[in-house]
Amino acid sequence: MPNPYNVAVLVGSLRKESLNRKLAKALIAMAPDSIKLEIVEIGHLPLFNADHEKDPPAASREFKAKIESFDAVLFVTPEYNRSVPGALKNAIDVGSRPYGKSSWSGKPAGVISVSPGAIGGFGANHHLRQSLVFLNMPALQQPEAYVGGAGDLFDESGGLKKPETKKFLDSFLAAFAAWIERTAKAPG
Ligand SMILES: Cc1cc2nc3c(=O)[nH]c(=O)nc-3n(C[C@H](O)[C@H](O)[C@H](O)COP(=O)(O)O)c2cc1C
């Protein structure tokens, strides 16, 4: 049993001042001892092209190897047009191929959607969950994490301003850590 479990964090936004990235960084700092979170970048990945499936670009191969080195995956994503941003969907597609060699299969997953809007990226959160079913990634169900009003969550240094947000995220991380312990594949 790995101690801690290593968790890849995929951030669905590529912009520098991303609220999702700020939340991911806050989560990294507050994670319990049993899990270690690390952002895996996706912005440099080439668009998936099935013509290259047998000989994928180096960046795609490296991304797959990196994902395979983690025990679990946490998605922190905005909602674009009521769905998952293209950059994140592309990373998922890149990691899922070649056919039969998905890098995702069996890895426990968590989903947090973050939006300045009131409904906290619900649409993206659930579209992502649809892919996780096909990818065979057991996804934490409760607590659901739709983080709304995100424009007002962080202070100037990226710290969480509201104790209730921190309390909720602590409970999410505790549940996610327990979920990983229950569902992670044995190493090797
Ligand atoms: C192309 C695009 C589509 C968007 N669609 C939605 C949407 O469907 N729902 C929503 O709540 N916010 C939507 N937004 C607003 C984003 O939630 C907002 O830009 C947010 O800050 C993006 O996350 P980030 O701060 O991590 O980059 C959209 C933004 C863009 C650029």
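Points to keep in mind about this one:
- Surface share of carbon and sulfur [accessible, 1.4 angstrom probe, percent] for the chain: 53 percent
- Solvent-accessible area per residue in the chain equals 51 Å², computed with a 1.4 angstrom probe and all protein chains kept.
- Per-residue SASA entry for F70, accessible area with 1.4 Å probe, Å² rounded to 10: 10 Å²
- Checked against a 25 Å cut-off, the cross-linked pairs K66/K89; K25/K64; K89/K166; K22/K89; K54/K185 give Cα-Cα distances beyond that limit for K89/K166; K54/K185.
- Local charge for S13 was computed over the other residues whose Cβ lies under 11 Å away, with Lys and Arg +1 and Asp and Glu -1, and equals +2.
- Helix 58-68 vs. the chain, principal-axis angle (Cα, 0 to 90°, nearest 10): 60 degrees
- Contour excess over end-to-end distance, with Cα ends at S157 and E68 and 0.36 nm allotted per residue: 28.8 nm
- Compared with the dominant Cα axis of the chain, that is its longest principal axis, helix 163-183 is turned about 30°.
- Which of W104, W179 is most accessible, then next, and so on - probe 1.4 Å: W179, W104
- Distance (nanometres) between label positions extended 7 Å along Cα→Cβ at K167 and D93: 4.3 nm
- Bridge type composition, the chain - antiparallel percent by DSSP, nearest 5: 10 percent
- Relative contact order (%) - criterion: Cα under 8 Å, at least six apart; region: the chain: 24 percent
- Surface calculation, 1.4 Å probe, protein heavy atoms: T165 sits at approximately 20 Å² accessible.
The values are calculated or read from the model by the stated rules, or taken from the named source; none is laboratory data. In this text the structure is predicted, and so the values were computed from the model without any measurement. We place every Cβ from the backbone using ideal geometry, glycine too, and count neighbours over all the protein chains shown. The accessibility values were calculated without ligands, DNA or RNA, using every heavy atom of the protein model including side chains. Shrake-Rupley method; radii C 1.70, N 1.55, O 1.52, S 1.80 Å.
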